[in-house]
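Enquirer: Here it is: the structure, laid out below.
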Amino acid sequence: MPAKRLPIACALVLSLPSPPVHAVVPEAAADARARATEQQMTDAERFSLVWGLMPMGFDGKRDPRVPPDAVPSAGYVPGVPRLGVPALRETDGSLGVTNPSGFRPGDTATALPAGLALGATFHPALAHEAGALVGREARARGFNVLLGGGVNLARDPRNGRNFEYYSEDPLLSAAMGSEAIRGTQAEGVISTIKHYSLNDNESNRHQLDAIIDPAAHRESDLLAFQLAIERSGPGAVMAAYNQVNGVYACGNAYLLNGVLKGAWGYPGWVMSDWGAVHDWTYALAGLDQESGAQLDAKIWFDQPLRAAYAAGRLPKSRLSDMVRRILRSIYAIGLDQPRPAPAIAPERHHATALEVARQGIVLLKNQGALPLANGKQRIAVIGGQAHLGVLSGGGSSLVTPPGGFAAVVPIGGEGNMAALRNQYFVPSSPLTELRKLLPDASIRYDAGAFPAEAAALARRSDVAIVFAIRHESEEFDSPDMSLPFGQAALIEAVARANPNTLVVLETGNPVEMPWRGQVKAILEAWFPGEAGGQAIAEVLTGRVNPSGRLPMTFPVDQAQLPRPRLPGLGTPYGAPVTVRYQEGAEVGYRWYTLTGATPLFPFGHGLSYTSFAYRDFTVSAGEALSASFTVQNVGPRAGADVPQVYLTAAPEGKRARLLGFERVELRPGEARRVTVPLDPRLLARFDSKAGRWRLAKGTYRLALGKNATELVQAAHLTMDSRLFGH
C-alpha cells in the first residue's frame, strides 16, 4: 500500500536533536572548576599537562621520565597532586582494553567483535553496553582515558582499519559511536572520539594528503563527528595522522579552531594521534595535547613550546585554554572523584561479546540451505583455521583474549607496525561449537591447504562449509578486494564437488565473490570476537535467527569504486600519497545511487529465517521531523528486523541519505508502530559561504525500505527554503 503523500508547508522551527550527555557535574560547574584550578597553576604545571609519554619500554629500557606507578599502556600524562588533578592513564580500547606487546604479563580482557560487526547490529543500546563494558574493564586496571570512539567513515573497502569503525554512513556511525562513548563515560572513564578527520586509508598514512571539497566534508565524515559529539560529549577528540587538503590534521586550524571549537563549540580537549605532531605551532592551530611524544621527531610541546611561550609567540591565554579544556573534561567525567574499582563479571562481559557477534552476523545469501538441521548427516568444515578459533584484526585495537590467542601467524611487511602484522586467532572454534550443536552429525575438518583434497572431502559430504578469512590491520591497506591465499579457488573447487556449499566469511571489509553463484549460502561474520565461534554455529544451526544488516556496501568488484586502483599502491613506505575523495559526500550507497551501478549486496542488506512486512509509512513535521510506519513479522519464527528510512530525492534531484532506522524484535504475527526522528541536516546541504545548513525550497521524497536499494513505500515532504545550524 503506498504511503499517503503529505504536502507540508515548512513554516516550522527545525530543532536539532540534543540528547542528554553524561556528566558527573553540570557543565557550568566543570567549566568553573577548570578555570579556578588553572588559575592556581604554575607554568611548569601547565606545561606538564599538554604532552604525554608511552609508559612502556623502548629498546628494552623504560623511559626514565615515566614514574614507576604508571602501568604499561598507550599513554601517560602526569597530574598535579597538590591541586588534586589526577594523572591521565590512557589505554587503547576500540574493541576492548589492549595490552600492547604484552607489557602487562597475563593481563587479558574481553575481546569484542569488530566495530563493523557492532555497526551491523544497528542496535545503539548494544553499543552502549559494549562501551560500558570496556569502560569498566579499563577502570578496573587503573585507566581513566579510553582511546576509542572511532567514527571514521568506511570510504574504501581496502582500508586496513575499517574493521575498527562502524559504517560508511554518518548517521549510523554517529548513532553507534555516540552510544559506545556514553557507555564508557558513564563508567567514569573519559572516551576520545577519533580520528579527526579523513583517516580513511592506511597506506602511508603519515604522508597521506586527503583532498576533499569542504562542503562535502561537512556532509559526510565531519557530520558523523558532529552528530556523535552532540549526542555523547566525549572528553577528548583525537586528531588524525593524515593531511586534509594539504594541512596535517593535528595542525589544521580550519578543522580544529574553525569547525570543531568554533562552529560546533566543542568544550573538551584535542589530543594528537601517536607520532602525529610535526611542530609546536600546532598549538596555535587548536591542538591541546601531544600524545605518545616519544614517537615524534622531538617533544614539540615541551621545550619548543616553552621557548615559544617565553618569546611571546604562544600567548598565555592559549596555554591557559589548552589546560582548561583538559581540566574541564577531567571534572565533567569525574576523574578526580574517588571511586572503588568496579567488580568485573567475566560471564556478563562474555555474554555481551556473544550478543554483539550474534546480532552482527549478516546472512547475505540463502537458497534454502540454512538453517542446518541436526540429524544423521555428513558435514565438511573446510579452511579458515576453524578448528582453532576465529580471526581478529591487527594493530593498536588488538585485544588479548582470556586464555591468550589460539594461534599467531606472522605476515610481516614494512613500516612501524610490521612486527605486529600477524594473523591472530581468538580461541572460539566454529568447528567445536558446530559439533556441540549438531551431535548427531558426522563433522570432519580439512585445512583447505589443497583444493583437491578439500574437494574430495566435500564430495563425500552432504554439506560443505568453507570458512574464508582475510586479515586486516592498522597501517596496511589491502591492494584489492580478493580473498588471499587462493581461497577463491578453494571455494570454487569445493562448490564444484558439492552443490550444498556454504561460505562463512571472517573479514574486516567487503570482498569480491566471483563464486557467489556457485554456493547456496553466504554468511558475513566479520571478526567476531571471543565468542565468535559459538555465534557462527548458532546462526548456522538456527539457534539464533540472523538479524545483522550490512553497514557497508559490498561492490561487485573494485571497478565500481570511486578509485578502482588503490591510491599509493606500490609506492615505497614513507612516500607521499594523495587521495582525492572526488565522491565527496556520496560515500558508499550514496555513490551507487549517483552512478546507477548495482552493487553485489547493498548497504542495509541482511536476510532472516522469517519475513517482515511494512505498511502505513508517513512523515510529519512540527517542532521536529519524524517518520512513522508499522512493521509486522509475517513469518514462522521470532526475529529482529531493521526498517530503514531514506531520502531518495531533493528539489535539486536524486540523492540518497539514510535518515533513520530502528531495530525491532517481533514474535510471529506481531506488529509494531515505530516512529523515528529525522535530523534536518540529513535533508539539507552545507552552504560553505554562509557557514550554515541550507534546506532548498521544494519537495523531498522519502522512502521506507529493507536496505538502500529495496525501497517499498514512499512519502513526500514539502519544505520552504531555510538556513540553520552550523
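The values are calculated or read from the model by the stated rules, or taken from the named source; none is laboratory data. The model shown is predicted, which means the values in this text are computed figures rather than measured ones. Every residue, glycine as well, gets a Cβ built from its backbone with ideal geometry; the counts of neighbours run over all protein chains shown. All accessible areas refer to the heavy atoms of the entire protein, side chains included, with ligands and DNA or RNA removed. Shrake-Rupley method; radii C 1.70, N 1.55, O 1.52, S 1.80 Å.
Enquirer: How about region 621-672: which of its residues are under 18 Å from G698 (Cα atoms), charged (D, E, K, R) and either modelled with pLDDT of 95 or more or not in a loop (DSSP other than H, G, I, E, B) (or both)?
Expert: Hits for region 621-672 are K654, R655, R657.
Enquirer: Mind listing whichever residues of region 567-600 are within 21 Å of the chain's Cα centre (by Cα) and part of a loop (DSSP other than H, G, I, E, B)?
Expert: Y581, E583, G584, A585, E586, V587, G588
Enquirer: Can you name the number of the only condition in (1) in contact (Cβ under 8 Å) with a residue 40 or more places away in the chain; (2) farther than 17 Å from A447 by Cβ; (3) not in a strand (DSSP E or B) that F405 fails?
Expert: Unmet for F405, out of (1) in contact (Cβ under 8 Å) with a residue 40 or more places away in the chain; (2) farther than 17 Å from A447 by Cβ; (3) not in a strand (DSSP E or B): (1).
Enquirer: If the requirement is being surrounded by fewer than 24 Cβ atoms within 10 Å (Cβ to Cβ) and either of a type in the set (A, V, I, L, M) or part of a loop (DSSP other than H, G, I, E, B) (or both), which of these qualifies: P528, P499?
Expert: P499
Enquirer: In region 531-553, how many are buried (at least 24 other Cβ atoms within 10 Å of the Cβ) and of a type outside the set (A, V, I, L, M)?
Expert: 9
Enquirer: Something else about it: Sort out which residues of region 367-395 are open to solvent by 30 Å² or more (accessible area, probe 1.4 Å) and either under 21 Å from V504 (Cα atoms) or of a type in the set (G, A, S) (or both), and write them in order of number.
Expert: Selection gives Q367, G368, P371, A373, N374, Q377, R378, Q385, H387, L388.
Enquirer: Could you pull out every one of the helices (runs of 4 or more DSSP H) wholly within region 301-398 that has 2 or more residues that are among the β-branched types (V, I, T) and in contact (Cβ under 8 Å) with a residue 60 or more places away in the chain?
Expert: The qualifying helices (runs of 4 or more DSSP H) are 316-333, 346-360.
Enquirer: A follow-up question, please. Exactly one of (1) more than 22 Å from L391 (Cα to Cα); (2) free of Cβ contacts under 8 Å to residues at least 24 places away in the same chain; (3) assigned to a loop (DSSP other than H, G, I, E, B) is unmet by N545. Its number?
Expert: (2) is the only condition that N545 fails.
Enquirer: Assess whether A559 counts as being open to solvent by 20 Å² or more (accessible area, probe 1.4 Å), of a type in the set (A, V, I, L, M, F, W, C) and within 21 Å of E710 (Cα to Cα).
Expert: Spelling it out, it is not the case that A559 is open to solvent by 20 Å² or more (accessible area, probe 1.4 Å), of a type in the set (A, V, I, L, M, F, W, C) and within 21 Å of E710 (Cα to Cα).
Enquirer: Quick check on region 77-127: of everything there that is among the hydroxyl-bearing types (S, T, Y) and modelled with pLDDT of 95 or more, which residue is nearest to L53 (Cα to Cα)?
Expert: T91
Enquirer: Would you mind finding the one in R182, R158 that is basic (K, R) and open to solvent by less than 10 Å² (accessible area, probe 1.4 Å)?
Expert: So the residue among R182, R158 that is basic (K, R) and open to solvent by less than 10 Å² (accessible area, probe 1.4 Å) is R158.
Yes or no, residue by residue, for (1) farther than 23 Å from A656 by Cβ; (2) in contact (Cβ under 8 Å) with a residue 24 or more places away in the chain:
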| position | (1), (2) |
| --- | --- |
| V556 | no, yes |
| A559 | no, no |
| G568 | yes, yes |
| T571 | yes, yes |
| L607 | no, yes |
| F612 | no, yes |
| T618 | no, yes |
| T630 | yes, yes |
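Enquirer: Name the single residue that is modelled with the lowest pLDDT among those in region 421-441 being in contact with a Gly (Cβ under 6 Å, 6 or more places away or on another chain) and open to solvent by 40 Å² or more (accessible area, probe 1.4 Å).
Expert: Top of the filtered list is R421.
Enquirer: Which residues, counting only those in region 265-300, are part of a helix (DSSP H, G or I) and in contact (Cβ under 8 Å) with a residue 40 or more places away in the chain?
Expert: A283, A293, Q294, L295
Enquirer: If you scan region 322-344, which residues turn out to be closer than 20 Å to V270 by Cβ and open to solvent by less than 60 Å² (accessible area, probe 1.4 Å)?
Expert: Listed by number, the residues that qualify are M322, V323, R325, I326, L327, R328, S329, I330, Y331, A332, I333, L335.
Enquirer: For T281, all conditions in the list (1) open to solvent by less than 30 Å² (accessible area, probe 1.4 Å); (2) of a type in the set (V, I, T); (3) more than 30 Å from G533 (Cβ to Cβ) hold save one; what is the number of the exception?
Expert: Answer for T281: the failing condition is (1).
Enquirer: Something else about it: Within region 255-271, does at least one residue satisfy the condition of being farther than 30 Å from K689 by Cβ, open to solvent by less than 10 Å² (accessible area, probe 1.4 Å) and touching a Ser or Thr at 6+ places or on another chain (Cβ under 9 Å)?
Expert: Within region 255-271, one or more residues are farther than 30 Å from K689 by Cβ, open to solvent by less than 10 Å² (accessible area, probe 1.4 Å) and touching a Ser or Thr at 6+ places or on another chain (Cβ under 9 Å).
Enquirer: Look through region 674-696, keep the residues that are charged (D, E, K, R), over 19 Å from S620 (Cβ atoms) and out of contact with any His (no Cβ under 8 Å at 6 or more places or on another chain), and return whichever of them is most open to solvent (accessible area, probe 1.4 Å).
Expert: Only one residue fits best here, namely K689.
Enquirer: Another question about this same structure. Quick check on region 358-367. Is at least one of its residues in contact with a strand residue (DSSP E or B) (Cβ under 8 Å, 6 or more places away or on another chain), at pLDDT below 95 and within 30 Å of T192 (Cα to Cα)?
Expert: Checked against the condition, which is being in contact with a strand residue (DSSP E or B) (Cβ under 8 Å, 6 or more places away or on another chain), at pLDDT below 95 and within 30 Å of T192 (Cα to Cα), region 358-367 yields no hits at all.
Enquirer: Being open to solvent by 20 Å² or more (accessible area, probe 1.4 Å) and either closer than 30 Å to V463 by Cα or hydrophobic (A, V, I, L, M, F, W, C) (or both), is that true of even one residue in region 308-321?
Expert: yes
Enquirer: Looking at the structure I just gave you, is Y614 open to solvent by 20 Å² or more (accessible area, probe 1.4 Å) and not in a strand (DSSP E or B)?
Expert: So Y614 does not fit the description; no.
Enquirer: Restricting to region 6-53, give me the number of residues that are in a loop (DSSP other than H, G, I, E, B), in contact with a Ser or Thr (Cβ under 8 Å, 6 or more places away or on another chain) and modelled with pLDDT of 85 or more.
Expert: Residues meeting the conditions: 1.
Enquirer: Still on this model: Go through region 586-604 and give me each residue that's closer than 25 Å to N204 by Cβ and hydrophobic (A, V, I, L, M, F, W, C).
Expert: Within region 586-604, V587, W591 qualify.
Enquirer: Moving on. Modelled with pLDDT of 95 or more and on the phi > 0 side of the Ramachandran plot: is that true of G705 in this structure?
Expert: For G705, the condition - modelled with pLDDT of 95 or more and on the phi > 0 side of the Ramachandran plot - is not met.
Enquirer: Would you list the helices (runs of 4 or more DSSP H) that sit entirely within region 164-264 and hold 2 or more residues that are touching a residue at least 40 places away in the same chain (Cβ under 8 Å) and under 14 Å from the mean Cα position of the chain (by Cα)?
Expert: 170-185, 221-232
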